[in-house]
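J.: Would you mind keeping the following structure in view while I ask a few things?
Each reported figure results from applying straightforward, stated rules to the coordinates on display, with no laboratory input. This is a predicted model, so every value here is computed, not measured. Note: ideal-geometry Cβ built from the backbone for every residue, glycine included; neighbour counts use all protein chains shown.
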2 protein chains.
Amino acid sequence: MLAEAAAPLGVEVVVSDPTADPPAAPVTRDQIHGGFDDYDAVRDLAERADYLTFEIELTDPDLLERVAAETDTPVHPHPETLRIIEDKLVQKRRLADAGVPVPEFREVDSADDLRAALDDLGYPAMLKARKGGYDGRGNVPVESPDDVDEAFAEIVDAAQGGSHEDPAGVAMVEEMVDFERELAVMGCLGSEQWGEDGEPERDTFPVTETIHREEILRETRSPPEADVGVRERAREVALDVLDVMEGRGVYGIELFQGPDDEILLNEIAPRPHNSGHWTIEGCHSSQFEQHVRAVTGRPLGDTGRRAPTVSANILGDVDERRDATLSGEDTVFERPRAHLHWYGKREVYRLRKMGHIALVGAESEPTDRLLADVRELRDDLTFR
Amino acid sequence: MLAEAAAPLGVEVVVSDPTADPPAAPVTRDQIHGGFDDYDAVRDLAERADYLTFEIELTDPDLLERVAAETDTPVHPHPETLRIIEDKLVQKRRLADAGVPVPEFREVDSADDLRAALDDLGYPAMLKARKGGYDGRGNVPVESPDDVDEAFAEIVDAAQGGSHEDPAGVAMVEEMVDFERELAVMGCLGSEQWGEDGEPERDTFPVTETIHREEILRETRSPPEADVGVRERAREVALDVLDVMEGRGVYGIELFQGPDDEILLNEIAPRPHNSGHWTIEGCHSSQFEQHVRAVTGRPLGDTGRRAPTVSANILGDVDERRDATLSGEDTVFERPRAHLHWYGKREVYRLRKMGHIALVGAESEPTDRLLADVRELRDDLTFR
């Protein structure tokens, strides 16, 4: 989607990816085959590029920083920001220090630490791997004291791939927020050239409601059901988060709307995010166009919403990993104002994000009906 | 733009192009280097493809038909339609026979033919090369009897590259329509699977006003200034034109609104057309998405207009052919709801189409102001 947005702006994309025939291949100038920690691949990429950016937090910030310095190629967002974000404990501490409201959290280096922390925070709580979590992998709910040992073993196992030798630095635990709903704001940090008083240009996309199941994003709706005051507060928190971020680009900022309508930061992604995919049809400039504009130092685009828009993720519904063949997509094509986005992944497995559907409403159309419709379209699709 | 629209639908594009590093390279899976009449190139393409289509009338219909038969690869639109369209005389005859209103025209095989025809049609008139004309190349206005010999020599020269040996079959002449304005309708022919009563699914995009100078399209506006009755009539003529076309795809149908508001067909292009570029932002599905849907046998998308939209072409403003470096584009990026589309052509020459700007208005915003704004944005750009 980034490459699709880059082309009209006259920006060519070369991608480095650990898979040999990556999903971006059909829409990029060239592909470099290399892992996220592969010096030669990143160096090769940097030598060909005017700007470097990344779309996954597994990227190695040290490597990016080294290659950027060696080749004098700017990298955005700044590797330091990636370093803060990739460790959820460091991320939370940094944001809390900056005055961003976050759920209560504790560092836990052992099952005993966890037990002690939860005596304080209370049950249930969410135990998280500090690094590498994604789509619910690396998050384990802890319901009661009886779960503590098993939960800690599970998170260490997930984080260290089976080795339990030194669990220190692996995990954190967070109070389970009894949220009213989840919200997301895509924040944009642009160039100082286009901002005021030498500050980076800043903007946010309209607040989006995100709906998760099994900790995986399923649907979004924008505008959300939240009232205007809540949305405004969410936007303010997002702008406070942007103050902590360094480097140009789009940031996916996930929030909780708590029981008293307070806004708490959940997580940040230093890149275009699934909760902003609806902006492709729903806003004047998409989050992807915005990221390209920001990274390449162009002025930011218009983040205004064109129409109420919902999206639904197309997830793998198979038990075994296999070649991906989607059926039922003609129903999506037949529906006016429905848009299929296929990600080009060759293989499907259970709950893998394979694409999404966006559905655009008429002006002021309530998003409930749109949401019901897009779910129905999505539920008719299958890989089986 | 076709490749950009194809990717989200899960359709990969391989392009055959006479240039070694074609504009489509950054957004296509692969490129085959070959001329429009290069059997090996087209055959190679067909062997890799599920569907063949073309985006330029210089494609050879005989070659397409042969390769399609050899490889059992469907080609859309049908080569027979290309054969009709690529010869402007055959095109006009066929449409006139089908009852489509066209300007008066005559076949002219010599200067004497031309003189005789214009005794009948009157001056001024437009002398046209039957094949290969593009962006005003191959069109010569004939103002008075004194121009006849020179105009005919010029058209023969243009059509035959300097050889005047046998001018028969080269030219036609058409009355000069004293039009109120020029209009265009993008027509869509889909699959029988999705149409009614076994007929191909059919639709049109909203009528667009096209503004030419030196016979090159400069700007479009949609909705046009034309009143609703005229627009409806334009749509009817477009649907009549589609009845003559064979094969799935998008057809650019250029029309005149004559002095008494009658609609006359000007020309047809069997492909997405410059007068429909505004649909990328202006409509729910773009002409490019629509072409991909049609060619691949999917249901057609929603052709409804999302908002008043204008476009302005970015043309080469240099005297000598040179490497293309655009300046002034940041002004476009700064303008809310303005969209730059850069075509990725490496070289610029005078009046070459290098890109376009689309500008989207608020609901019911008059297109006059939008048109003035997009012209100003465009006029600030330069390659000098």
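J.: Please identify, among A:Asp109, A:Asp30, A:Asp197, the residue showing maximal mean-square fluctuation in a Gaussian network model of chain A using a 10 angstrom Cα cutoff.
T.: For chain A, modelled as a Gaussian network with Cα springs under 10 Å, the answer is A:Asp197.
J.: Go through the range A:9-20 residue by residue and turn each phi into a ³J(HN,Hα) via Karplus (6.51, -1.76, 1.60, θ = phi - 60°); whole Hz please, and just put x for glycine and proline.
T.: Couplings: 7, x, 9, 8, 10, 10, 10, 10, 8, x, 8, 6 Hz.
J.: Ordered shortest first, which distances in nm separate the 7 Å Cα→C-beta label point of A:Glu180 from those of the other copies?
T.: Those label-point separations list as 5.5 nm.
J.: In addition: List, shortest first and in nm to one decimal, how far the label point of A:Asp30 (7 Å from Cα along Cα→Cβ) is from its counterparts in the other copies.
T.: For A:Asp30, the inter-copy label distances come out at 1.8 nm.
J.: Quote the FRET efficiency, to the nearest 0.05, computed for B:Asp72 versus A:Asp330 with a Förster distance R0 of 22 Å and r equal to the Cβ-Cβ distance.
T.: It comes out at approximately 0.45.
J.: Starting from 0.36 nm per residue, how many nanometres of slack lie between B:Arg137 and B:Ala20 once their C-alpha separation is accounted for?
T.: 39.7 nm
J.: Here's something else I'd like to know. Hey, can you grab everything whose amide H is under 5 Å from the amide H of A:Met186? Only 5+ residues off in sequence or another chain; H modelled, so Pro and N-termini drop out.
T.: A:Phe205, A:Ile253
J.: May I ask you to order A:284-293, B:81-90, A:115-124 by the average number of other C-beta atoms within 10 Å around their residues, highest value first?
T.: The densest-packed peptide leads the list: A:284-293, B:81-90, A:115-124.
J.: Kindly give the distances from A:Pro336 to its copy-mates, label point to label point, with each label point 7 Å from Cα along Cα→Cβ, as nm values to one decimal ordered shortest first.
T.: 2.8
J.: Which stretch or stretches of the range B:104-122 have amide N atoms under 17 Å from the point lying 7 Å from B:Met176's Cα along the Cα→Cβ direction?
T.: B:104-106, B:114-122
J.: Also, I was wondering about something else. Where the convex hull is taken over the Cα atoms of chain B, what is its projected area averaged over directions, in nm²?
T.: Averaged projected area of chain B's Cα convex hull equals 19.3 nm².
J.: Mind checking the alpha-carbon convex hull of the range A:1-123 and giving the volume per residue in Å³?
T.: Dividing the Cα hull volume of the range A:1-123 by its residue count gives 164 Å³.
J.: OK, next. Convex hull over the Cα atoms of the range A:200-249, averaged projected area in nm²?
T.: Details: hull surface 17.7 nm².
Over all viewing directions, the range A:200-249 projects a mean Cα-hull area of 4.4 nm².
J.: Short version: ³J(HN,Hα) in whole Hz for each residue of the range B:80-85, in order, from phi by Karplus 6.51 cos²θ - 1.76 cosθ + 1.60 (θ = phi - 60°), x for Gly and Pro, what are they?
T.: Going residue by residue, I get 5, 5, 4, 4, 5, 6 Hz, with x marking Gly and Pro.
J.: Follow-up. How far apart, in nm, are the 7 Å Cα→Cβ label points at A:Glu215 and B:Asp260?
T.: 7.6 nm
J.: Hey, another quick one. Which whole-Hz ³J(HN,Hα) couplings does the range A:42-58 yield from phi under the Karplus relation 6.51 cos²θ - 1.76 cosθ + 1.60, θ = phi - 60°, glycine and proline marked x?
T.: 5, 5, 4, 4, 4, 5, 8, 9, 8, 9, 10, 9, 9, 10, 8, 6, 6
J.: What list of whole percents do you get for P(r) of the range A:245-311, with Cα-Cα distances grouped in 5 Å bins up to the one holding the largest distance?
T.: 4, 17, 21, 22, 19, 12, 4, 1, 0
J.: Tell me, what is the FRET efficiency for B:Arg350 and B:Glu80 to the nearest 0.05, using R0 = 22 angstrom and their Cβ-Cβ distance as r?
T.: According to the calculation, E is roughly 0.05.
J.: For the protein assembly as shown, what value does the Rg/Rh ratio take when both radii are computed over Cα atoms and Rh is the Kirkwood radius, given to two decimals?
T.: 1.02
J.: Using only the Cα atoms of the range B:181-379, build the gyration tensor, take square roots of its eigenvalues as a ≥ b ≥ c, and label the shape rounded, prolate or oblate: rounded if a/c is under 1.5, else prolate if a/b is larger than b/c, else oblate.
T.: On the way: a/c = 1.71, a/b = 1.50, b/c = 1.14.
Judged from the Cα gyration tensor, the range B:181-379 comes out prolate (a/c at least 1.5, a/b above b/c).
J.: Also, I was wondering about something else. With a point put 7 Å past each Cα toward its Cβ, work out how far B:Asp379 is from B:Glu107 in nm, to one decimal.
T.: Each label point lies 7 Å from its Cα, and together they span 4.6 nm.
J.: Sort out for me the Cα centre separation of the range A:46-115 from the range B:203-266, rounded to whole Å.
T.: Going from one Cα centre to the other spans 54 Å.
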